[in-house]
Structure formats: structure tokens, C-alpha cells
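Step one of this worksheet: look at the structure below.
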Amino acid sequence: MKNVLNEYKIQFSTPLNDPLYNKISTINWTLSAIIGLHYRFYDINALLSGIDSVLNDSKISKIEFETNGFQLAVVTKTITKMYENSSIYYDDETVLPDFSLSTQDFLVIVQAWYDYVANSSRKPLN
């Protein structure tokens, strides 16, 4: 786990000047936004459940997660592709992603985010 977090330069923080949100920073803005905008336990659990379904259910080959900021993660069994603007992907699914990483690495990062939020002094609403 630590190697994955180091590879993507994952840093979690709870800024004193922003009492509502925990923060994540990574090597890529879109990766940070997609994870960081899943800040409620319900949202993080939905993300984890979706990733798990893709990895472990032979009937599900891909799942998509769109944030309220219109970033998009397209999760498949091997790779997760991320788009800064979901409409670009929906207009042409062959467009190159803004960022991609292995789905296993994405899972590790989201699990670490969940753990950080769960242990943070700033607990999100469900």
C-alpha cells in the first residue's frame, strides 16, 4: 500500500482554514478531484463498492463515476481512466483520458482515503 501511495504522491490533509472538508493531493489534478469529491462515507463506499464489483463480478466489465464537478472515472478490470470533463468522454468514448492508472492502484488509494476520512477529526456527514 505504501508503495502505491508514494508512487502517486498521495497526501491527505485537514486544513485548519476549511472546516468542512478533508483534502487529498496527488500527482494529478483529475485523480485528486475525483477522489476528493467523494468526501462523504456514502460516496466513498459507493466508489469502493463499484471498484470491487468490477474487479470481482464477471458480469460487470466497467463502471463510471461522475463527480458533481463533471470529472469522470471509467473503471475497468485492469485500468481506470479519468477525464477532467465528462462530456468530452460521452461525446467520444475513444478520446484519450487525462489520466489513467491500474484499477488495483485506484482501489488502494480510495481505501486509504476512506481510512483517512474515518480517522480524521472532521467527520463527514453520511
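Here are a few things to note about the model shown:
- Each helix, a run of at least 4 DSSP H residues, gives -39500 (n - 2.57); summed and divided by the residues of the chain, these come to -12500 deg cm²/dmol at 222 nm.
- Listed residue (113, 96, 8) projecting farthest to the positive dipole end of the chain, Cβ model: 113
- Residue-normalised convex hull volume from the C-alpha trace of the stretch 1-41: 79 Å³ per residue.
- Around the Cα centre of the chain, unit charges on the Cβ atoms of Lys, Arg, Asp and Glu (plus for the first two, minus for the last two) sum to a dipole of about 480 debye.
- Highest-first arrangement of 67-76, 46-55, 29-38, 84-93, where packing means the average Cβ count within 10 Å: 29-38, 67-76, 46-55, 84-93
- Cross-link partners of residue 2 among lysines (Cα-Cα below 25 Å; sequence separation of 8 or more within a chain): 23, 77, 81, 123
- Taking the inverse of the mean 1/r over every pair of distinct Cα atoms in the stretch 25-112 gives a Kirkwood hydrodynamic radius of 12.9 Å.
- Computed over the chain with a Gaussian network model linking Cα atoms closer than 10 Å, the most mobile of 100, 25, 13 is 13.
- Global form of the stretch 35-79, assessed from the alpha-carbon gyration tensor, a/c cut-off 1.5: oblate
Bear in mind that the values in this text are calculations on the coordinates, not laboratory data. Not measured: the values here are computed from a predicted model. Don't worry about glycine lacking a Cβ; one is built from the backbone with ideal geometry, like all the others, and counts go over all protein chains shown.
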